1. Filter the helices (runs of 4 or more DSSP H) completely within the chain down to those with at least 2 residues that are surrounded by 15 or more Cβ atoms within 10 Å (Cβ to Cβ).
2. Between a residue in segment 31-42 that is at positive phi and any residue that is open to solvent by less than 40 Å² (accessible area, probe 1.4 Å), which pairs come within a Cβ distance under 8 Å, given they are 6 or more apart or on different chains?
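The values are calculated or read from the model by the stated rules, or taken from the named source; none is laboratory data. Everything numeric in this text was worked out from a predicted model, so none of it was measured. When we count neighbours, we look across all protein chains shown, and the Cβ atoms used for this are built from the backbone with ideal geometry, even at glycine. What goes into the accessible areas is simple: the full protein's heavy atoms, side chains included, and nothing from ligands, DNA or RNA. Shrake-Rupley method; radii C 1.70, N 1.55, O 1.52, S 1.80 Å.
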Amino acid sequence: MNPRYKYGQHLYCRARIASLLGEKKEAVDLLSQAFAQGYHFSISVHHEPDFEPLRDYQPFQELVRPKG
């Protein structure tokens, strides 16, 4: 992958770390930024074990909820 075009991969990884550290707001902000920079949203986001601490966090639920 060209380092100039990370497409939010680095932010997604940081969101996973923040989630595991209990920094819920930071994790959701980073995940949102990752999507905005082109990280591909897929079902894997719902199955990512590192996001388990966010499952009952309303901002996370809103971010990953299907948008119709």
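1. Passing ranges, in order: 9-20, 24-36, 58-64.
2. Cβ pairs passing all conditions: GLY38/GLY8.
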